[in-house]
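Below is one structure; the comments refer to it alone.
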Amino acid sequence: MDELKIVNENDTAQYIVIKIDNEQFGINISVVDNIVKMTHVTRVPKVASYLKGVINLRGEIIPVMSLRLKMGLKEDEITKATRIIILKLEQHGKIGFIVDEVKEVITLESSQIEKVATDTSADKVTFVQSVGKCGSELISILDLNSLTVEKE
Amino acid sequence: MDVSQYLDIFLDETKEHLQNLNNQILDLEQDSENMDTINEIFRAAHSLKGMAGTMGYKRMQNLTHDMENVFSEVRNGAIKVTPDMVDVLFKCLDALEGYLSTIQETSDEGTNENEPLIKALNDFLNGKGGAQPKKEEAKAEEPAEETAAADAPASEAGLVEKWQNIKLTDTEKHLFEKAKEEGKFFYGLTVYIQESCILKAARAFLVFKALEEHGEIILSKPSTQDIEDEKFDFDFSVIVVSGEPIEKVVEAIKSVSEIEDAVGRALTDADFNAVEAGSSSQESTAKTTAVASTEGDKPKASGEKKAAGKPVVNRTVRVDIEKLDVLMNLVSELIIAKNSLVSASNTDDAQRSSSFNEQIEYLESVTTNLHESVMKVRMVPIESVVSKFPRMIRDMQKTLNKKMELHMSGEETELDRTVVDEIGDPLMHLLRNSADHGLESAEVRKQRGKSEVGNIFLKAYQDGNNVVIEVGDDGNGIDVAKVRDKAIQKGTITPEQAENMSDKEIIDLLFLPSFSTAEKVSEISGRGVGLDVVKSKIEALSGEVEVRSKLGEGSTWIIRLPLTLAIIQALMVIVGDEKYAISLGSIQTIEDIPTSEIRLVENKEVIQLRGTVIPLIRLNDVVGIESSKAPDDNLVVVIVKKGDRLAGLVVDELIGQQEIVIKSLGKYISKCKFISGATILGDGEVALIIDANALI
């Protein structure tokens, strides 16, 4: 209990580090429900291409999207390292992200995180909310809201 | 004592009584002399009053009390039922429903006194000529009787003043002396509760509460704890110290409903002397004072609890005990099946496979039956919803000044509880539409050679896996031309589009949200108020609504609802390399059609099957996948039905029939209209369920 308190006081948060292409991204651990190995994804017709379909997670039907396609990268290559990260979001319920690899869990203090200057003038959607520095590495922290909001 | 644990029962029963009253008063309006009806109304009102009183809802109790008075006079023949009275009575019922819904939300009855209604009721009692003196006479008699009862109860009513058996101790005597000095009286009282009373403890609590208002309870027999636990017969005795005359105290007790009588008198010195002579014990001294003080605290405590007022959720299903028995039996069979499987796995290989199969078949039949029974438990007759409609039509008759009659049939048709709860509003909407816009005024009806009284029909019946509810009228029907003009004028469709649209398609425009919210559409088209809401609500229940109308003859709205929501029988098919499920309820037949039989009509593929032309829908095109079959292979066509329309779904392969559990795809993937959900197959794979209705 004491340890937890100290962590909170220092205003730190834990992030799961994932790899997509050659970039590392962080997802706040508080929204992560589960990480599962790649399984059979049932395609759902007539939906956006980045929505790969649905999976069965212990009797629950969960929609799965490809982060690669959502970010405009090329189609996923399913390898042994491929994982589906199941997030539990308030407005959408559970949703899965297909990622190339899940690397580690890191703890970042708020001083280690820098907001990204978002260029609002350009009509470009950015999925990165801020950047965290962990040692010499830079980790882009994903903005889950903009990832899950569907553009009309 | 806390009555909140009875709240659910109270809400349920009050609703029943209110509905009963509604029906009976409707009957009364038709036949104002029927004694049976009047008696029934009186009884229902009386129970309502009693229950409201038990729960401590004073305002509700007051209103029902006055209603009961009116009925009582009607029953005695002192006043006659008049249309005015019926109107007021209906308003009272509405007010009671108001109380009820407030209670449901906050567990408090609110502050609306409904004084105008109470006044109106009293006007019936007082203002109606000959009734007045009689009523007053009756009132004068009552107190007289009460005093008499209080004076000489034992001999008169056969009620024994059991309080005399209470042992009095020095403490009481001390208190008695003190009270005497303060000019207060010591009363010994015995309260009799009606033997029909169900919540004795609650009644006793209310008596205590009433007594607290007039004085202080010193002692009770049985003890307060026992009374709370209902450890007493139909009477209990108390010793009370009060500054008020005995009549007032007795009256206060009698104001609690279901109290048969209360008898008692003031204690005198002699009582104490007599007791003392009989060697009073000291043992109960400490106890009694403790009881007295806790009793003082308790009502306050429960009062505070009530003030906290949390919303009350009331989602119960009343289940026939037989249905539960069946369930219980099935569950025990399930356990047996499980045990047999366990023992089968212990036998040697040779026997194993055959006994396994046997047991699995057994297990299958048990689970299917279990599912059916559980579904049945969830089923309730739609009566609970439709029974309020006659009253509604009656009210509309007055406000719209049209004559109309409601014919209902199939009230006993059963639907899933969740569906029944939701279906009320859409049905009411359609009935209102029919009454308001559908039926013509009496004059117009006469001109058209129809009977002056308009007819509205509500029909419910089961049709395969669906329940169909039809709402119809013999009124004007929908004027298609007017709807078309309005749609063009509003820019919903272009004139060119309108040319090509069938009457049916144009009528369907009424369901568009933009159409109904448009001003004055209801005048022009005669329809359209909130129909989009009706449609969306029914679609949310995976049902559908369509309308058939003939200008001048009336229209019928047909609602189809699935019998069950969670588990269905489905046909599993393969399209490309994907598996899909189609609900068996919508499937007519499955046909093997050679490609040579395909014809083109308006560039669409159709087949002729036993004389009917059926459009083909290639599922692989719909779901966007390559078909695994060669172009000139025979087609596997699943003929599906929606209402009276047919369509043929072309699939690649059939797997077979299967019982599937419907799961939602979630909000995130909801755009796909023809996928109604997903299900998990035996191997853990997910298959999507195709909503054939959405494809036709």
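Points worth noting:
- So B:VAL650, is it in contact with a Ser or Thr (Cβ under 9 Å, 6 or more places away or on another chain), farther than 24 Å from A:ASN56 by Cα and outside the structural domain of B:VAL468 (by TED's automatic domain parsing): yes
- Meets criteria (touching a Ser or Thr at 6+ places or on another chain (Cβ under 8 Å) and surrounded by 17 or more Cβ atoms within 10 Å (Cβ to Cβ)) for B:LEU28: yes
- The residues on offer are B:SER596, B:SER627, and the sole one that is polar (S, T, N, Q) and without any contact (Cβ under 8 Å) to a residue 12 or more places away in the chain is B:SER596.
- The residues in segment B:685-694 that are among the β-branched types (Val, Ile, Thr) and within 9 Å of chain A (Cβ to nearest Cβ) can be counted, and the count is 1.
- Test: residue in segment B:591-610 that is within 14 Å of chain A (Cβ to nearest Cβ) and either closer than 21 Å to A:LYS46 by Cβ or of a type outside the set (Lys, Arg) (or both): no
- Qualifying residue in segment B:478-491 (condition: within 24 Å of the chain's Cα centre (by Cα) and either in the same structural domain as B:ILE393 (by TED's automatic domain parsing) or surrounded by fewer than 17 Cβ atoms within 10 Å (Cβ to Cβ) (or both)): no
- Some residue of segment B:645-659 being within 47 Å of the chain's Cα centre (by Cα), modelled with pLDDT under 90 and crowded, with 18+ Cβ neighbours inside 10 Å: no
- Segment A:7-49, residues that are part of a loop (DSSP other than H, G, I, E, B) and within 12 Å of chain B (Cβ to nearest Cβ): A:THR39, A:HIS40, A:VAL41, A:ARG43, A:VAL44, A:PRO45, A:LYS46, A:VAL47, A:ALA48, A:SER49
- All positions within segment B:661-696 that are more than 16 Å from B:ALA540 (Cα to Cα) and acidic (Asp, Glu): B:ASP683, B:GLU685
- B:GLU412 surrounded by fewer than 17 Cβ atoms within 10 Å (Cβ to Cβ) and in contact with a Pro (Cβ under 9 Å, 6 or more places away or on another chain): yes
- In segment B:250-281, of all residues being at pLDDT below 65 and aliphatic (A, V, I, L, M), the one that is nearest to B:GLY50 (Cα to Cα) corresponds to B:VAL275.
- Applying the condition of being touching a helix residue (DSSP H, G or I) at 6+ places or on another chain (Cβ under 8 Å) and either modelled with pLDDT under 85 or buried (at least 18 other Cβ atoms within 10 Å of the Cβ) (or both) to segment A:74-90 and asking which residue is nearest to the other protein chains (Cβ to nearest Cβ) yields A:LEU89.
- For segment B:405-422, a tally of residues being hydrophobic (A, V, I, L, M, F, W, C) and modelled with pLDDT of 85 or more returns 2.
- Within segment B:331-379, the set of residues being surrounded by 15 or more Cβ atoms within 10 Å (Cβ to Cβ) and of a type in the set (A, V, I, L, M) comprises B:LEU334, B:ALA337, B:LEU341, B:ALA344, B:LEU363, B:VAL366, B:LEU370, B:VAL374, B:MET375, B:VAL377, B:MET379.
- Residue, farthest from A:VAL47 (Cα to Cα), within segment B:653-684, restricted to residues that are more than 9 Å from chain A (Cβ to nearest Cβ) and small (Gly, Ala, Ser): B:GLY656
- Remark: pairs (first residue in segment B:673-684, over 17 Å from B:GLU659 (Cβ atoms); second residue of a type outside the set (Phe, Trp, Tyr) and at pLDDT below 85; Cβ separation under 6 Å; 6+ apart in sequence or on different chains) = B:LYS673/B:ALA694; B:PHE674/B:ASP691; B:PHE674/B:ALA694; B:PHE674/B:LEU695.
- Note on segment A:50-73: among residues that are assigned to a loop (DSSP other than H, G, I, E, B) and within 11 Å of chain B (Cβ to nearest Cβ), the one that is farthest from B:ILE662 (Cα to Cα) is A:ARG58.
- Filter result (surrounded by fewer than 16 Cβ atoms within 10 Å (Cβ to Cβ) and not in a helix (DSSP H, G or I)) within segment B:389-407: B:ASN401, B:LYS403, B:GLU405, B:HIS407
- Filter result for B:ASN603 (touching a strand residue (DSSP E or B) at 6+ places or on another chain (Cβ under 6 Å) and polar (S, T, N, Q)): no
The values are calculated or read from the model by the stated rules, or taken from the named source; none is laboratory data. Values in this document were obtained by computation on a predicted structure and should not be read as measured data. FYI the Cβ positions are ideal-geometry reconstructions off the backbone, even for glycines, and counts take in every protein chain you see.
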